[in-house]
Amino acid sequence: MKRIHLNIILAALAGAFLASCGGKNEEKAAPSQGEFQGTPVVLAPLEERDFTRYLTLKGTLEAKDRVIVSSRVNGTLEKVLVEEGDAVQEGQVLFRMDERTFRDQVTVAEATLAAQESAVEVARAQVEKAQASLHKATLDVERFRRLFQKGNVSANEVETYELDFQEAKADSTLAQANLAAQEAQVRLARASLSIARKSLEDCTVKAPMAGRISARLQEPGQELGVGTPVVEVVDPTLLRAVASLPADYYASVLPGTTTLRLGDAKGKALKEVTVTDKSPDIQPGLRTFQVRGLFSVAPGESLVPGQLVDISVALEHAHGFAVPLSVPVRRSSGLLLYAVEEGKAKAIPVQEGITQDGMVQVTGEGLSAGGMVVVEGQYMIQDGDAVLVK
């Protein structure tokens, strides 16, 4: 009897405990209406900024001034006084050719000129002598002509002096012609001497500009002809960025206005330059054209001729509202931004423009500077949904 009463008491206590636990679970599973206040969202103001649409492609840097310095005479290369990488100044000696043959040519030319100048002096003396003889013959023939007119001399005597006069006149003409010929020989000898001296001078070749030696192409002892390349000099301080663009962009690139943004392979910005010129025509086969931007390299800038760079060509500029790329929501009806009015989401249809640096340009009715738009939680809401601004 006592055992029955104890079991009844235990069962009653267990039922009370279970009832108590079940009541608490029901309260958690079925919250009362009115606690839901809306989908949580975060707002941020619209920004205004400038946008630039870039076309990025690979390009190279070229030295504007690059000179291949060649031999100016035929002969043996005697010395090369520079190495690759050496800095050189304008007028600095780069290499020398063997001068011995050219010094001998100068000596011969100088001797020839001296001999010709002596011949000219002799010819001048002959001219003076011939002119003196002609003067005497002229006086004699005139005197005998007067005497003949007076009947004091015979015609034969006059004819003798006439012949002497003609002979003296011919001798004078011949002497003057000989002088002219000798003077021409002097001019020729002087020209030959000038050429010989220039050839001797050309054995020593100097840098035509300041820069660096980019290549040493010949070694001493080699036989060279006129025009054989020996060294190459480049000016690394004045470079040109060069890129090939598709033909579709030809009208968009304006020399003096369009800019080029240079970057390395890791995306680091290096420099911004202005387009200085573009190809006058489009290559028919490739359907491309070149753009070039000239710029100076400042000390410390890691830009060198031959370097491969990323070149971003600025094709379009605009000013407008900017939002991060993740903010606009693409629905079947189009691209949307969301604002909040009286606790509810308001969809704003927009059009996207230029994308730059993780931001996108947006345009649409209802957008204003400083206007607040949803930047977090926008993918969880629809137009008219209740929202909770955090």
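The values are calculated or read from the model by the stated rules, or taken from the named source; none is laboratory data. These numbers were taken from a predicted model, which means no experiment stands behind them. In this analysis, Cβ positions are derived from the backbone assuming ideal geometry, glycine residues included, and neighbour counts consider all displayed protein chains. The area values use the complete protein model at the heavy-atom level, side chains included, leaving out ligands, DNA and RNA. Shrake-Rupley method; radii C 1.70, N 1.55, O 1.52, S 1.80 Å.
Taking the protein heavy atoms of the chain in the context of the full set of protein chains, the accessible area attributed to carbon and sulfur is 53 percent at 1.4 Å.
Binning all Cα-Cα separations of the chain at 20 Å, short to long from zero, yields these whole-percent fractions: 16, 21, 19, 16, 13, 8, 4, 2, 1, 1, 0. Looking at T228, Y161, V106, which one has the Cα that reaches farthest to the positive end of the dipole of the chain (charges on Cβ: Lys, Arg +1; Asp, Glu -1)? Projecting each Cα onto the dipole axis, the largest value belongs to T228. Using θ = phi - 60° in the Karplus curve 6.51 cos²θ - 1.76 cosθ + 1.60, the 3J(HN,Hα) couplings for the range 121-137 round to 4, 5, 5, 5, 5, 5, 5, 4, 5, 5, 5, 5, 5, 5, 4, 5, 5 Hz; x is entered for Gly and Pro. When +1 charges are put on Lys and Arg Cβ atoms and -1 charges on Asp and Glu Cβ atoms, the dipole computed for the range 258-390 relative to its Cα centre reaches about 280 debye. Ligands, DNA and RNA aside, M372 has an accessible area near 90 Å² when probed at 1.4 Å. With the charge dipole of the chain set up from +1 on Lys and Arg Cβ and -1 on Asp and Glu Cβ about the Cα centre, the Cα lying farthest toward the positive end among the listed residues L43, T60, A251 is that of L43. Beyond 22 Å in Cα-Cα separation lie the following of the pairs K64/K198; K346/K390; K58/K268; K58/K271: K64/K198.
Accessible area of S192 (1.4 Å probe, protein heavy atoms only, ligands and nucleic acids ignored): about 50 Å². Note on T204: accessible area is roughly 30 Å² with a 1.4 Å probe, heavy atoms of protein only. A simple rule links phi to the HN-Hα coupling: the Karplus curve 6.51 cos²θ - 1.76 cosθ + 1.60 with θ = phi - 60°, which for the range 311-320 gives 10, 9, 8, 6, 9, 8, 10, 8, 10, x Hz, with x for Gly and Pro. At a probe radius of 1.4 angstrom, the accessible area of the chain per residue rounds to 61 square angstrom. Summary value for the range 30-173: 16 percent relative contact order, contacts being C-alpha pairs under 8 angstrom separated by 6+ residues. Need the C-alpha centroid separation for the range 152-224 versus the range 256-301, integer Å. Rounded to whole Å, the Cα centres lie 56 Å apart. Computed over all pairs of different Cα atoms, the Kirkwood value for the hydrodynamic radius of the range 277-381 is 17.9 Å.
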